[in-house]
Each structure stands twice: as C-alpha cells, then as structure tokens.
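Colleague: Quick one: the structure is below, questions incoming.
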Amino acid sequence: MFGGTKDEDEGLPGPVVLSLVLLGAMFGMAAPAYGGWWPAPAALVALAVQAVHCLPWTTRLRGAWTLAAQLLLAPWSGVPGFAAASVLLLVRRPVRWVLFALIVAGAAALAGDGGYRAANGASNALAQGLTVYALTRLFHLYAELHAARDRLAAAQVSRERQRAARELHTAIGVPLAAVLRLAADGDAAAAAATARRAAARVRATPEPPPTAPAPDGPMPAPVLPVLIAVHLGYLAAGVALLLDLALPGGQLALCLAALTIVTGLQVHHSLPRPPGVRPPGYGWTWALQCALAAAVLFGPDGPHPQLLAFAAASALVLLPPAAGWPAFGAAVFAAGTVDGTAAVDVVTIALVYYGLTLLTTLVHRVREARRALAELAVARERRRIARDVHDLLGSGLTAVAVTAELALREPAAGHLPRAAALAERTLAELRAIPADHTELDLDRELASARALLAAAGIELRLTGAPESTPAAARPLLAAVLREGVTNLLRHSRATHCALALHPGGLRLTNDRPRPGPHRPGDGTPNLTARAAAHGAALASGPAGPDHWTLAVALDR
C-alpha cells in the first residue's frame, strides 16, 4: 500500500516521512509532561496508544478498548489532548464533539488554580486534540487517495462511455434503424442514401470538447477551522501567560502586539493553497515573523518560545528544503540556548504546523494527479471510440450503402436483404463500441468480404485460411480486412483482388486504383495504431503502376 509513489519520485515526502512528522509532533506534545526532553512513563503509554489510533497500518489494533485506555490515561499522562484526538477519530458524531469539549474542560480543571494554568491546560488540550485529529485525517486521506488513484479515472471512463452511447445512438443508431425500415419496405434508393449520409457523418464527426473530471469532494478534516482554532488556542495561552507575568504596561502592550502579529502571520503562511503557490509577500512577512520572535524570546522576561516555533514552521512551509531545514535547526538551537524545554516546544509546534500544511499540499497534489489520470483515461477512451466508430461503423455503413446501391441496379439479385443484414450487424457493433466489446471475427469478416466483392463484380482470389493465422491476431486482421475492402470499394475501379492469409499476417492487393495522389483519411492511421498495439506493422501503398497493396506483418 505504501510502496514507491509518483510523488516520492518527484522529491515529495513519502508515507514514512509523513509518519515520522506525525510521530515527532506527538512525541513533542508528550515530552513537556515530564518537564524535559523525554515523556513520563504514562505519557509514553498514551503516545503508543495514540500511534495505534493514528497510523494507517494499525487499523486492526484499534477499538473500544484502546479508546478506553486512552481516556483512563488522560488524567495521569499529562497529555489529555491525545484522548481528545482519539475521541474525534473513533467516536461517531455528534457525540464525539460533546466528549471532546468535556475533555478540554477537564484539562482546564486538572491544570490547577489560576487563570493562566486553566487557560494553558484547556488550550493545550484543544490544540493537541485538533492538530492530531487533522494530521491523522489528512494522512489517511493521502493514503486512501494513493490506494485509489485509478478509481476516478474508471468512473470518468464510464461516464464517457455513457455519453458516447447516447450520441452514437442519435447520430448512427437512428439512421441504421431507418435503413432497416426502408429495406423492409423495399426502398433501396432511400436506404442507400441514408447509409451514405450516416457513413459521411461517421467519417467527419469531430472529437467532443474536453470535460473536467468531477471533483473529489471536500476535505474530510476541516483544515481551515482547525488551523484557526489551533492558532487561537496558542494565542489565548500566550495572552494568559503575559497577563500572569504582570509585565509593565508598555512592555505588556509590545509583547501582546508581537504575539498577535506573529500568530496572524502564521495563519497567513499556513492557509491551505494549491501546490506551488506561496502567500503574497512571504519573504518580508517571514522576515518580520523571525525578527519579532527573536526579539520576544531574547528580550527581558521572554514569555514563550512559541513565536520562534511559528517562524521555524514558516521556514519549513515557505522555503525550499535545502534552506528550510537549516533554518528550522537554527531556531531549535536558538531556543535551546535559552531553555532545553523551549527547544522541545519549538520542534513540536513547528512540526505540527509543517505537518498540517504539508499534508494539505500533498492531498491537493494527489487529487490533481487523480484528475490528470482521469483526463488521460478519458482522452484515450475517446480516441478508442473514435477509432472504432471510424473503422467499424464507417466500414459497415459503407458496405450497407454499396449493397443497397447494388440492389438498385440488380433488384432481383437479393442485395437488399443482404444490406439489411449488414445494417443489423453494424447496429450490433454500434451497441458494443462504448463497452469496448468490439473484437471482430476473422471468419465472419472474410465471408462478408466475399459477399461484398462478389456483389460488386470483383473477383477474389484467396490463399490461406483464417486458421493459418495466430488466434490472438485475428481480431486485428479482421479489422484490417474490413477497412481494406471498404477502401477498395470506395477508392478503386477494381475487377480483381487477391487476399493472402498466413502465419505472418495478411496481404490484400487489388488492381486499377484510382489515378492521382493518394490522400489517406483516418482509416490508415487508425489501422497503423491498432497494428502497433499488437506489435505488428502495417504497410499500404502502390504495388506497381496498376495495383494497390495493404499488408500486415505480425511480430512473431
């Protein structure tokens, strides 16, 4: 499920890297519970349970007992946000949001007395729960989209086939039904004229305009609300901390302004955008963010390293990896010179915001890849349908018209019933084309060619038999034979033709081609494409001054 992907080939992080980002962010959330770099034992257990709830390949391990364990661990692990995230991931709505709110309120109560402690406890639980939930849902969506990259293409091809079936019925099915009715009434002239008009329409039908694939639907995780809620949570905790420090009025105002500006810039940098699109003026906004974060961190009574963490997250989001990761490392080092715990906070917060932005971008990219695959599949399907319509229906309608015209000249020769039979065969092929069930039978095509050529007064000399050709190549040879006979009737004044069937392919030669330069239509390129798909080669051209040859050489 998580092998090499096109995205990884383009240098984008793969599932292993995304897993490390998710686990790194959760590890950082658990670490402060011990007051240092390493989580407490209860926090480690909560982290392990949360990994089971988050990683795509641990689905079978999770259930009611893992959720109950996480809820029981919440008061002692110091990471109630994990329980909040687990509730959002495993409990059905709307109950999950009620439980989420209760856990956040409980985190505020467990944090102790004091406005800052309660606000910090609630905001941490809120931010941790929402970010882990959003990261997990985006990660799962990324995996699901990769596992179903071709599903959208299949759906679009199905819609294209339905559209083609409707249009073919109107353009060709109705005229064919009219030919059958006219043949039953004995009106050979009208039947021939109707078939000719339909054949001309088939050979001149333009390709329909491209249509955009249907969208994949909205993000399952509310990315924008989560981003805003998490930023507001950090902002509320920062404001509560500044108020708790009892700073002088001027210093408090400056710190509040810096906190608000840096948080606002982080929202600006983190908003979901299409891949490759950066926020306007990101160079100077990131520089301002870095300057304000450093000033607050290294100034008197620096309140919190979260501002530097925002700047580090923006470096990962905005800059190329070669510059973003060194900038991230510099921010962690700078915070570590102040306090070891501050460095952990920088790593945690930066990975959280980087993970949210990265996964949102990757989901966009996978969706665009799915759309591109769908467009390519639809284009291929349209080319196939157009080729089959031209080669099969065009030839069939031409045969109907030729046979009906022969009925005008020889009313007693039984040509009109033969024209009706050809119309019925063509109508059956019309119904099969959209479903891609149009493989031709070489024996049937040979019998049809014999009858058509004999009716047109053209002598056929046959060497070999269908049984002498490879079974896998017979549908290709049948299509070549049909198109060759149709072109012979349309573009020559032949009286004799020779058909050779052999293990190496087919060769059809006729005399008396029309004089002048030959201007092939779509038939020869279509047959060339068909032959190439079977590993064969098609050759068509004059064979001496008075003969024309069409040949297929199979690659054995």
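Colleague: Got a sec? Which of ALA258, ALA287, ALA313 is under 35 Å from the mean Cα position of the chain (by Cα) and at pLDDT 85 or above?
Modeller: That would be ALA313, the only listed residue that is under 35 Å from the mean Cα position of the chain (by Cα) and at pLDDT 85 or above.
Colleague: Here's something else I'd like to know. I'd like to check something: does region 112-130 contain any residue that is of a type in the set (Ser, Thr, Tyr) and under 23 Å from VAL352 (Cα atoms)?
Modeller: yes
Colleague: Are there any pairs, at least 6 apart or on different chains, whose C-beta atoms fall under 7 Å, with the first in region 456-481 and assigned by TED's automatic domain parsing to the domain that holds THR528 and at negative phi and the second basic (Lys, Arg) and assigned to a loop (DSSP other than H, G, I, E, B), and if so, which?
Modeller: Sorted first by the residue in region 456-481, then by its partner, the list stays empty.
Colleague: If I ask for residues that are crowded, with 22+ Cβ neighbours inside 10 Å and of a type in the set (Gly, Ala, Ser), which ones from region 259-299 would you list?
Modeller: Once the filter is applied, which keeps residues that are crowded, with 22+ Cβ neighbours inside 10 Å and of a type in the set (Gly, Ala, Ser), region 259-299 yields SER270, ALA293.
Colleague: Looking at (1) surrounded by 19 or more Cβ atoms within 10 Å (Cβ to Cβ); (2) acidic (Asp, Glu); (3) assigned to a loop (DSSP other than H, G, I, E, B), which one does GLU439 not meet, given that it meets all the others?
Modeller: Unmet for GLU439, out of (1) surrounded by 19 or more Cβ atoms within 10 Å (Cβ to Cβ); (2) acidic (Asp, Glu); (3) assigned to a loop (DSSP other than H, G, I, E, B): (1).
Colleague: Could you grab me the full set of residues in region 261-277 that are modelled with pLDDT under 85 and out of contact with any Phe, Trp or Tyr (no Cβ under 6 Å at 6 or more places or on another chain)?
Modeller: LEU271, PRO272, ARG273, PRO274, PRO275, GLY276, VAL277
Colleague: May I ask you to list the residues in region 355-385 that are under 25 Å from LEU138 (Cβ atoms), touching a residue at least 60 places away in the same chain (Cβ under 8 Å) and either in the same structural domain as LEU20 (by TED's automatic domain parsing) or small (Gly, Ala, Ser) (or both)?
Modeller: Of everything in region 355-385, those that are under 25 Å from LEU138 (Cβ atoms), touching a residue at least 60 places away in the same chain (Cβ under 8 Å) and either in the same structural domain as LEU20 (by TED's automatic domain parsing) or small (Gly, Ala, Ser) (or both) turn out to be GLY355, ALA369, ALA374.
Colleague: Just to be sure, is PRO32 at pLDDT below 85 and of a type outside the set (Asp, Glu)?
Modeller: Yes; evaluated as a whole, the condition is true for this residue.
Colleague: Can you work out which of the residues in region 316-329 that are in contact (Cβ under 8 Å) with a residue 12 or more places away in the chain and more than 32 Å from the chain's Cα centre (by Cα) is surrounded by the most Cβ atoms within 10 Å (Cβ to Cβ)?
Modeller: Only one residue tops the list, namely PHE328.
Colleague: Would you point out which residue out of VAL79, VAL91, VAL87, VAL98 is over 21 Å from LEU47 (Cα atoms) and modelled with pLDDT of 85 or more?
Modeller: Sole residue among the options that is over 21 Å from LEU47 (Cα atoms) and modelled with pLDDT of 85 or more: VAL98.
Colleague: Scanning for something touching a helix residue (DSSP H, G or I) at 6+ places or on another chain (Cβ under 9 Å), surrounded by fewer than 16 Cβ atoms within 10 Å (Cβ to Cβ), on the phi > 0 side of the Ramachandran plot and without any contact (Cβ under 8 Å) to a residue 24 or more places away in the chain, does region 230-248 turn up at least one residue?
Modeller: yes
The values are calculated or read from the model by the stated rules, or taken from the named source; none is laboratory data. No experiment lies behind these values; they were computed from the predicted model shown. Here the Cβ is made from the backbone with ideal geometry for all residues, glycine too, and neighbour counts use every protein chain on show.
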